[in-house]
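Input: a single structure, listed below in structure tokens.
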């Protein structure tokens with residue numbers, strides 16, 4: 001896929017709004033996605049945690065990891081891998097176009113990561 005492929009990207013929130021809130025939950029059709037600002041980069045995860053089914057959008061970023069509020073598992077924002085665990089949280093590709101965060105609604109396969 002190239003950056004010019006626009007057939008499936010979904011516009012979500014303005015980057016400036018996310019920068020103020022640091023995290024938010026968005027709906028991409030029937031899929032809820034949690035957006036996090038880690039440094040100045042945006043990362044997207046399936047919102048429902050693979051372990052306890054809680055909303056990751058209620059979590060925090062700590063030491064560069066996204067931490068689930070239910071059990072404090074820390075997920076790598078690039079890969080979705082849980083620190084010290086076998087489980088992976090589904091992650092989505094993100095890009096910024098004209099100040100708006102666009103998300104691919106299809107999670108990346110873990111083979112791609």
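The values are calculated or read from the model by the stated rules, or taken from the named source; none is laboratory data. Quick caveat: nothing in here was measured; it's all calculated off a predicted structure. Because the Cβ atoms are built from the backbone with ideal geometry, glycine has one as well, and the counts that use them run over all protein chains shown.
Can you work out which of the residues in segment 53-81 that are in contact with a helix residue (DSSP H, G or I) (Cβ under 8 Å, 6 or more places away or on another chain) and not in a loop (DSSP other than H, G, I, E, B) is farthest from residue 38 (Cα to Cα)? Give the derivation first.
Kept after step one, since they are in contact with a helix residue (DSSP H, G or I) (Cβ under 8 Å, 6 or more places away or on another chain), are these residues of segment 53-81: 66, 68-69, 75.
With not in a loop (DSSP other than H, G, I, E, B) added as a condition, the list becomes 66, 75.
Numbers: 66: 9, 75: 12 Å.
This residue is 75.
Report, by residue number, each residue of segment 39-56 that is over 15 Å from residue 107 (Cβ atoms) and crowded, with 19+ Cβ neighbours inside 10 Å. Selection gives 42 alone.
Which residues, counting only those in segment 80-100, are under 13 Å from the mean Cα position of the chain (by Cα) and surrounded by 15 or more Cβ atoms within 10 Å (Cβ to Cβ)? Steps first, answer last, please.
In the first step, residues of segment 80-100 are kept if they are under 13 Å from the mean Cα position of the chain (by Cα); the result is 80-81, 88-95.
80, 81, 88, 89, 90, 91, 92, 93, 94, listed by residue number.
Against the list (1) assigned to a strand (DSSP E or B); (2) modelled with pLDDT under 95, the condition residue 7 fails is (1). Residues in segment 24-52 that are more than 16 Å from residue 96 (Cβ to Cβ) and in contact with a helix residue (DSSP H, G or I) (Cβ under 6 Å, 6 or more places away or on another chain): 25, 34, 45, 47, 49. Residue count for segment 82-107, restricted to those that are assigned to a loop (DSSP other than H, G, I, E, B), under 22 Å from residue 54 (Cβ atoms) and in contact with a strand residue (DSSP E or B) (Cβ under 7 Å, 6 or more places away or on another chain): 5. Is it the case that residue 110 is modelled with pLDDT under 95, more than 24 Å from residue 8 (Cβ to Cβ) and part of a loop (DSSP other than H, G, I, E, B)? Spelling it out, it is not the case that residue 110 is modelled with pLDDT under 95, more than 24 Å from residue 8 (Cβ to Cβ) and part of a loop (DSSP other than H, G, I, E, B). Examine segment 16-25 for a residue that is farther than 21 Å from residue 72 by Cα and in contact (Cβ under 8 Å) with a residue 24 or more places away in the chain, and state whether such a residue exists. Yes, that holds for at least one residue.
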